[in-house]
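Here is the structure we will look at, set down as structure tokens.
Rule-based calculations on the coordinates, nothing more; no lab input. It should be emphasised that the depicted structure is a prediction, and the values quoted were computed from it without experimental measurement. Please note: Cβ atoms are built from the backbone with ideal geometry, for glycine as well, and neighbour counts cover all protein chains shown.
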Amino acid sequence: MSSEALIPPIWQSANFRFDSTAELRAALLDEQGHYLYTRGNNPGTELLRARLAELEGAEDALVFGSGSAAIAAALLHQLKAGDHVLCVRDAYPWTTWILRDWLPRFGVTCTFVDGRYIEQVQAAFQPNTRVLMLESPNSFCFDLQDLASLASIARARNCLSMVDNSYCSPLLQRPLELGIDLVLHSATKYLNGHGDVVAGVICGNREQIAGIFKQEFQGLGAILSPHDAWLMLRGLHTLPLRMERIGQTALWLVDQLALHPRVERVLYPFHPSHPQYELAQRQMKGPSGQFSIVLSSAQPEITERFCDALKHFHLAVSWGGVESLVLPAIAKSSENPSPGLVRFCAGLEEPALLWEDLQQALDKAYA
């Protein structure tokens, strides 16, 4: 009988021992290529990195303790005082915070642009622009950017391009094949997919990943634990099945909602009403699970009644797991300019059950 484990074990060890001073010295000189201390490298996280890199079509990857840690490390590695960043509007809130509130303390400036319009992005470049930060699609309104065109524009200006690919996962969009330099994920979402791990990923070429490993990854220490790496490896086994089911459920629900008299409009890249539908068809390989609706003539109290009446969509801020979730924009601010805007993320429940839930909640909201 083979002693090879079908499922990899958890290497729950902070330290690794050596048989000689020479071996220890070699590991100290090259922590990325040895198991020395789990803050740097661990057999389980190394296996996870290899699988994520293969999924994304990258030469290498790094895993972090959160998506925001991965984003911060990727940005910090590229930037110094006096540099400028171009970032799309309405990005992940912690991306916005890093660029708008934190990095300016260290002499880095940022301009936020509407990434839907290539000419606006081109006009916003400055001589000191070093990073173009994209997120396609973004959250809540699901604006897309033409990744291939913008990557080409950035490269011509000697500017590094990076994109948050959390919404699509590597199965639905491969930005590196479109010319993007670095791909980021909140792996808490689809890559793990079970709501029990907070993690982040950077995928890119070996040179970029090695540079981040030696500096920001080890220096800041925002690592993924061995146990969480093991949970993520488990989650990847079902990624194709989960993404297919979630995407098809979301697409069907959006089609039903688009016909409902209480829904003013739906926001979903794979619905024909989306203004960038053709770009989504060209750039993405299939539908994902997150969508939004705008309730008709909605006041905050109507939106709140609707969300509170839902039974199978849980009120929660994250997404990408097996449960269906809902997040109204009014939860983020009592003075939200879009009181009828509500975001959903489809889970693995029966689509008919979710549709019944939406119908009864809409009835109660407008009763």
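So the values come out like this:
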| item | result |
| --- | --- |
| DSSP-assigned coil residues among chymotrypsin sites (Phe, Trp or Tyr not before Pro) in the range 1-101, each with at most 11 further Cβ atoms within 10 Å | none |
| Binned Cα-Cα distances of the range 256-309, short to long, each 10 Å bin given as a whole percent | 23, 44, 24, 9 |
| Mean residue ellipticity (222 nm) of the chain, computed from DSSP H runs ≥ 4 via -39,500 (n - 2.57), nearest 500 | -10500 deg cm²/dmol |
| Kyte-Doolittle at least 1.0, axis length at least 30 Å by Cα - qualifying DSSP helices, the chain | none |
| Qualifying trypsin sites (Lys or Arg not before Pro) in the range 297-353, DSSP loop, other Cβ atoms within 10 Å at most 13 | Lys311, Lys332 |
| Contour minus Cα-Cα distance for Arg157 and Val322 (0.36 nm per residue) | 55.2 nm |
| Peptides ranked, highest mean first, by Cβ atoms within 10 Å: ranges 345-351, 199-205 | 199-205, 345-351 |
| Cα-based radius of gyration of the chain once divided by 2.2 N^0.38 Å, which approximates compact folds | 1.04 |
| Förster radius 56 Å - calculated FRET efficiency between Ala331 and Phe18 (Cβ-Cβ, nearest 0.05) | 0.60 |
| Environment charge at Arg25 (Cβ cut-off 15 Å; Lys +1, Arg +1, Asp -1, Glu -1) | -3 |
| Kirkwood Rh, angstrom, the range 254-367 [1 / mean 1/r, Cα pairs] | 14.4 |
| Packing rank of 78-84, 151-157, 66-72, where each peptide gets the mean count of other beta carbons within 10 Å, highest leading | 66-72, 151-157, 78-84 |
| DSSP-loop chymotrypsin sites (Phe, Trp or Tyr not before Pro) across the range 289-367, with at most 15 other Cβ within 10 angstrom | Tyr366 |
| Extension gain, Glu4 back to Ala50 (0.36 nm per residue minus Cα-Cα distance, nm) | 14.7 nm |
| Whether the range 156-216 is rounded, prolate or oblate, judged on the alpha carbon gyration tensor where a/c under 1.5 counts as rounded | oblate |
| Paired Rg and Dmax values of the range 65-178, which use every Cα atom, in angstrom | 13.1, 37 |
| Relative packing of peptides 320-327, 211-218, 356-363 - highest average C-beta neighbours within 10 Å first | 320-327, 211-218, 356-363 |
| log₁₀ of I(q)/I(0) at q = 0.13, 0.19 Å⁻¹ - the range 189-285, Debye sum with one point per alpha carbon | -0.72, -1.01 |
| Part-to-part distance (alpha-carbon centres) for the range 73-126 and the range 1-71, which is given in Å | 31 |
| Label point 7 Å beyond Cα of Tyr366 along Cβ direction - residues of the range 249-264 with amide nitrogen under 16 Å | 256-264 |
| Volume in Å³ per residue [convex hull over Cα atoms, computed for the range 1-71] | 141 |
